[in-house]
Amino acid sequence: MTVNSLTTYAYDILGNTTTRRIDGDTQNLTWDPRGKLTSASSPGIGAVAVTGLAGKCLDVDSTATPNAAGALPVQLLTCNESKAQQWRLTGGTVQALGKCSSPPRAAKPS
């Protein structure tokens, strides 16, 4: 019996994963000197749902208008495994749908 792995990993001298290839999709990981992950590039690997209060998921509010930096606010919605709920650490930012997250606009006092 022959088994062909579709997954490969590369490591730095400290043992941190620097590259992983899963089913033809490659992710590059960058670490700081303390061994903390600082970025993980990926078109599909490494996206995770962020579950919050009452089991709801962090979701991009696609009905909102992006701010000047192109960021969209987030909201808590029922988890549905949509791309709006798949978050990645990319270049020091948290992104979904290729957009950076931003806090909701503060309510103005009446």
**Item:** region 13-36: number of residues that are surrounded by 13 or more Cβ atoms within 10 Å (Cβ to Cβ) and either assigned to a strand (DSSP E or B) or of a type outside the set (S, T, N, Q) (or both)
**Value:** 13
**Message:** Any residue at all in region 66-88 that's modelled with pLDDT of 80 or more, in contact with a Phe, Trp or Tyr (Cβ under 8 Å, 6 or more places away or on another chain) and not hydroxyl-bearing (Ser, Thr, Tyr)?
**Reply:** no
**Message:** So in region 37-60, with the set limited to residues that are in a strand (DSSP E or B) and at pLDDT 80 or above, which one is surrounded by the most Cβ atoms within 10 Å (Cβ to Cβ)?
**Reply:** 60
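The values are calculated or read from the model by the stated rules, or taken from the named source; none is laboratory data. Source: prediction; values computed, not measured. Cβ atoms come from the backbone with ideal geometry, glycine included; neighbour counts cover every protein chain shown.
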